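I have a structure I would like to understand better, so I am pasting it below and will then ask my questions one at a time.
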Amino acid sequence: MDSPEYDIAITGDGPVGCTLALLLAGKAPIPQRIALIGKHFLAPGLTAVTEATDPRTLAINHGSRVLLEHLQAWPDQAASIETVHVSQRGRLGRTLVRHTELNVPRLGSVVSYDRLLATLHAAVARCGIDVISASTVTTQCAGTVRIDLADRSLSSALLVQSDGARPKGVQRDYRQHAVLATVRASRPAQNWAYERFTAEGPLAVLPHPQAANLYGIVWCCSPLRAEHLRGLDDQTFATALHEQFGDRLGHFTCIGPRHVFPLALHAGPSLLNGRTVAIGNAAQTLHPVAGQGLNLGLRDAVQLAQSLAPWLQRSQDDPGPLLARFAQNRRPDRWLTAGITDFLPRIFATKNPLIEHACGLSLLALDLSATLRAPLARHLLRGLRS
């Protein structure tokens, strides 16, 4: 049987796929035997960022930022999060999580999706792997993996799906859509982020990387309400946002367009067969509460690269046991993170007064007790390490 063209092929050129490619390139004796296949690669020297303020921002926790900085793939604009304020609309109780109690320079950062992707693509272009632009990818597995592109086929010993394939397994429709917007606040609070739970769903207000008085909004609500909010004029939308959020940041002014995305949980196995692994959005898509989806995917990439290093360096011939161990080691972090992000938006949106009061008391207890608060804060900061 002919040897495969590549040792590892990665489908999906989003942040998780690019991060895995960079990590593997640093461990592989021949980086050219790693292929990254995607349809959104930017031409060298180009950036996807335009003059318009793009509402798509990403919350990157401290551990993920350290990783991306190490890979020289950290964008030139970022807003730091030093304090997170968690509250519930209409009920007593709130929790503050501060970076000082965890002994880190910041809890996380907010970056533009476009700038992060442009920085990662530039780093990938420098690392020596084979970059393949393709809009159509189908795969077949036998002794090796055959990958059929629109105009040709290629073969690889292993395949990693990082996005573009929906996980098959656990599914939940939250009956919520997320409204993304960018607003200017009249009284900005430097380096503060807010997670406010409402009867409709969580409302995140995040510092924006483009200016100190800008905030990225992720407003989760019913699909009908989301379409209504998208259709409002800017002033009416800002008023509705103020009613839900309160006076902490003063008055809001809308900047740029609004976008709406449906929200659902999809989670499946990491190991799809003996030669195919799923990470990132191909393994799990989560509710955006607490901003854990990308951070979890980056941890997938780190652990997979560590697991495959002995096989890439030819110190272990059979990748099967390494892949099985990877899937087993990732299971606790994946399911704990999915469980947290699944539980929070549902428990706070029951519209049951007793449960709402209990949630408020829980927030108060977390605020009063560092012992109770620390495990949750550490998990959101860096995940469950194994």
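With the cut-off at 18 Å, report for the stretch 212-262 the share of all Cα pairs above it, as a whole percent.
Working: 346 of 1275 pairs.
Within the stretch 212-262, distances greater than 18 Å cover 27 percent of Cα pairs.
How compact is the chain by the rule of thumb for globular proteins, expressed as Cα Rg over 2.2 N^0.38 Å?
So the chain has a normalised radius of gyration of 1.01.
Compute the orientation-averaged projected area for the stretch 200-297 from the convex hull of its Cα atoms and round it to one decimal in nm².
7.8
Explain nothing, just compute: Karplus ³J(HN,Hα) = 6.51 cos²θ - 1.76 cosθ + 1.60, θ = phi - 60°, for every residue of the stretch 231-244 in order, whole Hz, x for Gly and Pro.
x, 6, 5, 4, 5, 5, 5, 4, 5, 4, 5, 4, 5, 7
Could you state, as a whole-number percent, how many of the C-alpha pairs of the stretch 197-240 are farther apart than 17 Å?
Values: 387 of 946 pairs.
Beyond 17 Å sits 41 percent of the P(r) for the stretch 197-240.
Hey, another quick one. Have a look at the stretch 70-109 and give its Rg and Dmax from the Cα atoms, expressed in angstrom.
In order Rg, Dmax, the Cα atoms of the stretch 70-109 give 14.1, 44 Å.
Further question: List the extent of the Cα atoms of the stretch 238-386 along each of their three principal axes, largest first, rounded to whole Å.
Projected onto the principal axes, the Cα atoms of the stretch 238-386 cover 61, 41, 26 Å.
Counting only DSSP beta bridges with both residues in the chain, tell me the antiparallel percent, nearest 5.
The antiparallel proportion sits near 70 percent.
Sticking with this one: With θ set to phi - 60° and the Karplus curve 6.51 cos²θ - 1.76 cosθ + 1.60, what are the ³J(HN,Hα) couplings of the stretch 179-190 in order, to the nearest whole Hz, using x for Gly and Pro?
Each residue's phi maps through the Karplus curve to give 9, 9, 8, 10, 10, 9, 9, 6, 10, x, 10, 4 Hz.
Additional query: Got a sec to turn the phi values of the stretch 59-64 into Karplus ³J(HN,Hα) couplings, 6.51 cos²θ - 1.76 cosθ + 1.60 with θ = phi - 60°, whole Hz, x for Gly and Pro?
Rounded to whole hertz, the list is 8, 10, 6, 4, x, 5.
Calculate, axis by axis, the spread of Cα positions in the stretch 138-277 along the three principal axes, and write the results as whole Å, longest axis first.
62, 31, 27
In the stretch 289-351, how does Rg compare with the Kirkwood Rh, expressed as the Rg/Rh ratio over alpha carbon atoms?
1.19
Can you find, among Ser222, Thr100, Ala238, the residue sitting farthest towards the positive end of the charge dipole of the chain, where Lys and Arg contribute +1 and Asp and Glu -1 at Cβ?
Of the candidates, Thr100 comes out farthest on the positive side.
If you look at just the Cα atoms of the stretch 49-157, how large are its Rg and its Dmax in Å?
So, for the stretch 49-157, Rg and Dmax equal 20.3, 61 Å respectively.
Further question on the same structure: Which aspartates and glutamates does Lys27 reach when only Cα atoms under 13 Å apart count, and residues fewer than 8 places away in its own chain are ignored?
Of all the aspartates and glutamates, those that pass the test against Lys27 - Cα under 13 Å, at least 8 places apart if same chain - are Asp7.
Given contacts defined as C-alpha pairs under 8 Å and at least six residues apart, what's the relative contact order of the stretch 303-386, whole-number percent?
25
Values in this text are rule-based calculations from the coordinates and carry no lab data. Nothing here was measured: the structure is a model prediction, and the numbers come from that model. With ideal geometry, Cβ positions are generated from the backbone for all residues, glycine too; neighbour counts draw on all protein chains shown.
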